[in-house]
Amino acid sequence: GKSGSKIQSTPTKAGGDRYIPNRSTMQMDMANFLLTKENDPAEESPTKKEQQKAWAVNLNGFDIEEAKILRLSGKPQNAPEGYQNNLKVLYSQKMTPGSSRKNGRYIPSMPERILDAPEIRNDYYLNLIDWSSQNVLAVALDNSVYLWNNTSGEIIQLLQMEHPDDYISSVSWIKEGNYLAVGTSNAEVQLWDIQHQKRLRNMTSHSSRVGSLSWNSYILSSGARTGHIHHHDVRVAEHHVATLAGHTQEVCGLKWSLDGRYLASGGNDNLVNIWPCTQGDSGDFAPVQTFTQHQGAVKAVAWCPWQSNVLATGGGTSDRHIRIWNVCSGTCLSAVDAHSQVCSILWSTNYKEFISGHGFTQNQLVIWKYPTMAKVTELQGHTARVLNLTMSPDGATVASAAADETLRLWRCFEMDPIKKKEKEKANSAKSSIIHQSIR
């Protein structure tokens, strides 16, 4: 064979004013082969198919099977997982597999900062930290309450109990973040004005320590060691407006739902009660649901922020289970064995996830996907049991208080910058509508 190649000359004419296809440039043989092959019912052996594929790739630079855009007969093809090709089948009976790349976000395994919490009481039943909507973290250390301003870094001592044997057993911020409720070991519920750093009132109605508090607008609910829950209307002199008697032992978990319709309470009697916001016909409060599946004390209670009737609860050392409930139907939607004492649960407002804090044996924090209940990651570092969790107002940071006398801040729900901007834009639009309606 000659080694010389044909020299192509540039055409002298640019062509006419009409498009007339040139048969020599069209792959007529290929088209004819494809048409006849398509109508050929005969099955070919695997080896012959492989040979034809190899020839097609060598001769044409692509596989004939891949070149088909619309298939007129037979089953449509699917690309192998993770494979992308411009000539793949466009219309398919099955979903084309997505990219095999994981779209998981980065969650730092180390805390963003560690704060000292000397003399924090190592008591499972108490609720000793709460983060306000004004970005101030309240921490109860034995007989004192300290406020840490996350924006300025300033720390102030708000109060100290007069009697050395008394201690703080619970703290809870009102929604607006300007008042702090404080429960004590000597059965008091105090209300503090943060701006002026002074006590507004001292509400006495319980006969034992107040280990749990929760706000619903101007109603403050408090749970005591006796098992009783009291509603206090903080606007009036006769503050004690109702008593809920559904527990036989200490109430250690207490949370109003975000819409204010239900109050969830967990107790040392292993019960979870769901209370309505209004009294029944007889003038008494009675639980609309009572869940008895937990085999240990229920301190961790948390309402789902995007499904108002969904509640998560966690049991103590003899139970170790996290359960998700539909409080309307009374059904348990899912249950997972956490293999550790569950001390606290928080739902993320930025992701379809929640985080749980644990004691014996691993003292870790676990992030769970919802509703699959798959474990996203574990955050380790505490050397003693996690007592409480609370979340920053932007939903990005979780603070954990533990019996190792440290507070750790985990930036585990950091929002994607694009989504963050969209959320801020939506919030500003919402607030401008409110301002317009006020004017």
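The values are calculated or read from the model by the stated rules, or taken from the named source; none is laboratory data. Everything numeric in this text was worked out from a predicted model, so none of it was measured. We place every Cβ from the backbone using ideal geometry, glycine too, and count neighbours over all the protein chains shown. Side chains are part of the model used for accessible areas, which takes the heavy atoms of the whole protein and leaves out ligands, DNA and RNA. Shrake-Rupley method; radii C 1.70, N 1.55, O 1.52, S 1.80 Å.
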Keeping all protein chains in position, work out how much accessible area GLU424 exposes to a 1.4 Å probe, and write it in Å² to the nearest 10. 100 Å²
For region 309-439, diffusion coefficient by Stokes-Einstein and Kirkwood Rh (Cα), 10 °C, 1.306 mPa s, µm²/s: 98 µm²/s
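Please give the charge dipole size of region 115-422, origin at the Cα centre, charges +1 on K and R Cβ atoms and -1 on D and E Cβ atoms. Round to the nearest 20 debye.
Working: 22 positive and 29 negative charges, 146 e Å.
I would put it at about 700 debye.
Given a Förster distance of 41 angstrom, what is the FRET efficiency for THR377 paired with GLU422, based on the Cβ-Cβ distance and rounded to 0.05?
Numbers: r = 25 Å, r/R0 = 0.61.
For THR377 and GLU422, the calculated efficiency is 0.95.
Applying 1/(1 + (r/R0)^6) with R0 = 45 Å to the Cβ-Cβ distance of THR248 and SER308, what FRET efficiency is obtained, to the nearest 0.05? Mind showing how you got there, number by number?
Working: r = 29 Å, r/R0 = 0.64.
E(calc), rounded to 0.05, equals 0.95.
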Tell me the relative contact order for region 171-319 as a rounded percent, counting alpha carbon contacts under 8 Å between residues six or more apart. 13 percent
Solvent-accessible area, 1.4 Å probe, carbon plus sulfur percent, for region 115-422: 45 percent
Reciprocal mean inverse distance between Cα atoms of region 200-274 - Kirkwood radius, Å: 12.3 Å
Taking a probe of 1.4 Å and leaving out DNA, RNA and ligands, region 115-422 shows per residue an accessible area in Å² of 40 Å²
Mean separation of Cα contacts under 8 Å (6+ apart) over length of region 115-422, as relative contact order %: 11 percent
Dipole check, region 115-422, charges on Cβ (K,R +1; D,E -1), about Cα centroid: among LEU159, PHE360, TRP306 the Cα furthest to the positive pole belongs to TRP306
In this structure, among LYS352/LYS421; LYS198/LYS255; LYS255/LYS352; LYS255/LYS420; LYS175/LYS419, pairs with alpha-carbon gaps over 22 Å are LYS198/LYS255; LYS255/LYS420; LYS175/LYS419
Exposure of SER318 as accessible area (Å², to 10), given a probe of 1.4 Å and all protein chains: 80 Å²
Largest-first principal axis extents of the Cα set of region 115-422 (Å): 49, 48, 41
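Could you put HIS196, HIS231 in order of accessible surface area, largest first, with the 1.4 Å probe and the full protein assembly present? Numbers along the way, then the final one.
Details: HIS196 120, HIS231 10 Å².
Ranking HIS196, HIS231 by accessible area, largest first, yields HIS196, HIS231.
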Select from SER169, SER265, TYR218 the residue farthest towards the positive end of the dipole of region 167-316; place +1 on Cβ of Lys and Arg, -1 on Cβ of Asp and Glu, and compute about the Cα centre. SER169
